[in-house]
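Q: There's a structure below that I have some questions on.
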Amino acid sequence: MTRRLQAVLGPLVSRAFWRATIAARQARAFDRRHGTDTVERVPVAAMRDVPIALARHAVHYEPSALPKLRRALRVVVRTLGPRLPEFAFVDVGSGKGLVLMLASRQPFKQVLGIEMAPDLHAIAERNLVRSGAGAGAVPVRAVHGDALQVDLPPGHLVVYLYNPFDETVLEPFLRRLDAAAAEGREVLVVYVNPQHAQLLDDPQRFDPVFQDPHLSVYRCRMGTGAAASPP
């Protein structure tokens, strides 16, 4: 049906419209297949029991568009190759757990989600159970907390950001990654919908690995001590 509509209406609407339409259709199909709940958008104002200091810098919940997420994971797999099992995958602002479910299909050392909203975190935990994501060989865990405070896994990291917060929070979070890299840990930052990419366009702190209009991937410079210690 979508292809038929695209053939008829294609000249009248933008490519962005069709990308969004296809992504929404894929998301609904994913939820039907796995019995999960990831699609519904949640504004920050509807997130209960979130500290005001966090909420004022947060972004509404919407799931990562599956085409963008899958492309991001392909870039990570291609970049790290056989070293992928040496890295923990961290989704910052993990919402309802969609990214965790797909990342768990790759041979990461572990997969961790950090979510500030307790309601979204509870849905993520249910989704992980329903999808069987935690039953595979890769340990998967969702944590409720502040991304500036939750302990990051030891060792090398792949950090996934789907534009979870504004630059006021992003900068101190990036300093946490700087500190990890200064310890000699390899840190790959995967930034989807990079609204504040200017914070990572700093050659003293980050090396670009991949960039297109919707996805930016950077590697933290290791051992340089470029940034201060975490807040």
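Q: With the requirement that a residue be under 24 Å from residue 220 (Cβ atoms) and part of a helix (DSSP H, G or I), what does segment 55-69 give you?
A: The answer is 68, 69.
Q: Please name all residue pairs, on different chains or six or more residues apart, with Cβ atoms under 8 Å, provided the first residue is in segment 211-229 and is assigned to a loop (DSSP other than H, G, I, E, B) and the second residue is of a type in the set (S, T, N, Q) and at pLDDT 65 or above.
A: Partner pairs satisfying both residue conditions: 214/193; 221/204; 224/204; 226/204.
Q: When segment 98-127 is examined, which residues are found to be in contact with a helix residue (DSSP H, G or I) (Cβ under 7 Å, 6 or more places away or on another chain), in a loop (DSSP other than H, G, I, E, B) and in contact (Cβ under 8 Å) with a residue 60 or more places away in the chain?
A: Matches in segment 98-127: 116 only.
Q: Across segment 25-54, what is the number of residues that are aliphatic (A, V, I, L, M), surrounded by 15 or more Cβ atoms within 10 Å (Cβ to Cβ) and in a helix (DSSP H, G or I)?
A: Residues in segment 25-54 being aliphatic (A, V, I, L, M), surrounded by 15 or more Cβ atoms within 10 Å (Cβ to Cβ) and in a helix (DSSP H, G or I): 3 in total.
Q: Here is a further query. So which residues in segment 166-201 are touching a His at 6+ places or on another chain (Cβ under 7 Å), in a loop (DSSP other than H, G, I, E, B) and of a type in the set (D, E, K, R)?
A: 166, 185, 186
Q: Just to be sure before I move on: is residue 225 modelled with pLDDT under 95 and either on the phi > 0 side of the Ramachandran plot or in contact with a Lys or Arg (Cβ under 6 Å, 6 or more places away or on another chain) (or both) in the structure I sent? Break it down into steps so the answer makes sense when it comes.
A: On the way: modelled with pLDDT under 95: yes; either on the phi > 0 side of the Ramachandran plot or in contact with a Lys or Arg (Cβ under 6 Å, 6 or more places away or on another chain) (or both): yes.
Yes.
Q: What residue, of 144, 121, is farther than 26 Å from residue 216 by Cβ, touching a Pro at 6+ places or on another chain (Cβ under 7 Å), buried (at least 17 other Cβ atoms within 10 Å of the Cβ) and not basic (Lys, Arg)? If you could, list the steps in order and put the result at the bottom.
A: Numbers: 121 fails: touching a Pro at 6+ places or on another chain (Cβ under 7 Å).
The conditions single out 144.
Q: Regarding residue 175, is this residue surrounded by fewer than 19 Cβ atoms within 10 Å (Cβ to Cβ), under 16 Å from the mean Cα position of the chain (by Cα), among the basic types (Lys, Arg) and modelled with pLDDT of 95 or more?
A: no
Q: I need the full set of residues from segment 77-97 which are touching a strand residue (DSSP E or B) at 6+ places or on another chain (Cβ under 9 Å) and not in a strand (DSSP E or B), in order please.
A: Filtering segment 77-97 for residues touching a strand residue (DSSP E or B) at 6+ places or on another chain (Cβ under 9 Å) gives 78-80, 83-84, 86-97.
Selection gives 78, 79, 80, 83, 84, 86, 93, 94, 95, 96, 97.
Q: Still on this structure: I'm trying to understand the selection: among the residues of segment 165-198, which are among the β-branched types (Val, Ile, Thr) and under 24 Å from residue 71 (Cα atoms)? Please lay out each step first, then the result.
A: To start, the set of residues in segment 165-198 that are among the β-branched types (Val, Ile, Thr) comprises 168-169, 187, 189-190, 192.
Matches in segment 165-198: 187, 189, 190, 192.
The values are calculated or read from the model by the stated rules, or taken from the named source; none is laboratory data. Just so we're clear, the structure is a prediction, and the values are computed from it rather than from any experiment. Cβ sites come from the backbone with ideal geometry, for glycine too, and all protein chains shown count toward neighbours.
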